[in-house]
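Visitor: Have a look at the structure that comes next, please.
The values are calculated or read from the model by the stated rules, or taken from the named source; none is laboratory data. A quick note: this is a predicted structure, and the numbers were derived from the prediction, not measured. Cβ: placed from backbone, ideal geometry, glycine included. Neighbour counts: every protein chain shown. Protein only, heavy atoms only, side chains kept; ligands, DNA and RNA dropped before computing areas. Shrake-Rupley method; radii C 1.70, N 1.55, O 1.52, S 1.80 Å.
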Amino acid sequence: KGAHVLFPDDVYHGNRVVLRSVLEPWGMGCTEVDMTDVAAVGEHAARHRDASYLVVWIETPSNPMAKVSDISRICEVVRRNCPQSVVVVDATFATPCLMQPLALGADMVVHSLTKYIGGHSDLTGGVVVCGHTDIGKKLFTRCRELQWVLGMVLGPQDCWLAMRGLRSLAARMKVHCANARKVAEFLNQHPSVERVYHCALPEHPGHDIARATMKDFGATFSFCVKGGRDDAVGVVARLKLFIRATSLGGTESLAEHRASIEAQPTRTPENLIRLHVGLENPDDLIQDLDQALSRSKL
């Protein structure tokens, strides 16, 4: 009671559902804010100075719009305006190889093990990492208590799969990122593409922040085709090498019409396609996208 969460206006759809349909009815306050607007985040934090505690939830790069948040500056303004705050970063898209939010000031980091850390599309799990700050140590102790009481632990096989994935994570991310950058640059020049949302592109609004806080730009991003829902769905349907699926982080490249996956009410543009770029030859991936886009009626 009295707690409040500030979360991104483009938060992952599943998290929005949990916040609005589960936590809010339990009495937790929930406020959406543009996490790329540091001043706005600070203003919202000040409004909740009297909350029992304030959780600031950051997802960067975000899903599916690839917005980039300045973690260091957010931590600074939030703690100045609301001392009893906790900054949590979902860094699933970046992975520990590309970004270390604790070093940027966050109190807690969460990752989906299912995605890049597992890396082989055969694991379901998550991980919470707490920093060495006073609040980080308290959060770690509380998490361990909850694990003990509620039994929220992975089985031995899942742990083994996660350890197997970690052994190759650094090598895989180099190829993922290089392939994704090449695919994004191709799409950025394609006449049937309206816009590409990938922070590797210099014109991306968060490019400079990503370059300063990440070792590379990641491999999951989105683009909008010229046209509407039917045009985007048609492009995805014509892909042959990209697999039509909604996960990410495995060796195989995936494509999805994101709005269809989220279902209504969705804030994702109806002409948006999300890609996870895998470890295949990037020229093959580009050829596949080209034939799917070129056969469209855009």
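Visitor: Conditions first: (1) open to solvent by less than 60 Å² (accessible area, probe 1.4 Å); (2) within 17 Å of the chain's Cα centre (by Cα); (3) among the hydroxyl-bearing types (Ser, Thr, Tyr). THR124 passes all but one, so which condition is the exception?
Guide: Condition (1) is where THR124 drops out.
Visitor: Which members of the stretch 4-42 meet the condition of being surrounded by fewer than 18 Cβ atoms within 10 Å (Cβ to Cβ) and without any contact (Cβ under 8 Å) to a residue 12 or more places away in the chain?
Guide: Of everything in the stretch 4-42, those that are surrounded by fewer than 18 Cβ atoms within 10 Å (Cβ to Cβ) and without any contact (Cβ under 8 Å) to a residue 12 or more places away in the chain turn out to be GLY14, VAL17, VAL18, ARG20, SER21, VAL22, GLU24, PRO25, TRP26, ASP37, ALA40.
Visitor: So for the stretch 64-79 (the condition being small (Gly, Ala, Ser) and out of contact with any Leu (no Cβ under 7 Å at 6 or more places or on another chain)), does at least one residue qualify?
Guide: Checked against the condition, which is being small (Gly, Ala, Ser) and out of contact with any Leu (no Cβ under 7 Å at 6 or more places or on another chain), the stretch 64-79 yields at least one hit.
Visitor: Take the residues of the stretch 133-192 that are of a type in the set (S, T, N, Q) and not in a loop (DSSP other than H, G, I, E, B): which is least open to solvent (accessible area, probe 1.4 Å)?
Guide: Of everything passing the filter in the stretch 133-192, ASN179 is least open to solvent (accessible area, probe 1.4 Å).
Visitor: For GLU280, state whether it is of a type outside the set (A, V, I, L, M) and either crowded, with 17+ Cβ neighbours inside 10 Å or part of a helix (DSSP H, G or I) (or both).
Guide: No.
Visitor: Next question, about the same structure. Which of the strands (runs of 3 or more DSSP E) found entirely inside the stretch 54-131 contain at least 1 residues meeting this: within 28 Å of GLY155 (Cα to Cα) and in contact with a Pro (Cβ under 6 Å, 6 or more places away or on another chain)?
Guide: Qualifying strands (runs of 3 or more DSSP E): 54-59, 85-90, 108-112.
Visitor: Further question on the same structure: Tell me which residues, restricted to the stretch 210-245, are in a loop (DSSP other than H, G, I, E, B) and open to solvent by 30 Å² or more (accessible area, probe 1.4 Å).
Guide: Hits for the stretch 210-245 are LYS215, ASP216, PHE217, LYS226, GLY227, LYS240, LEU241, ALA245.
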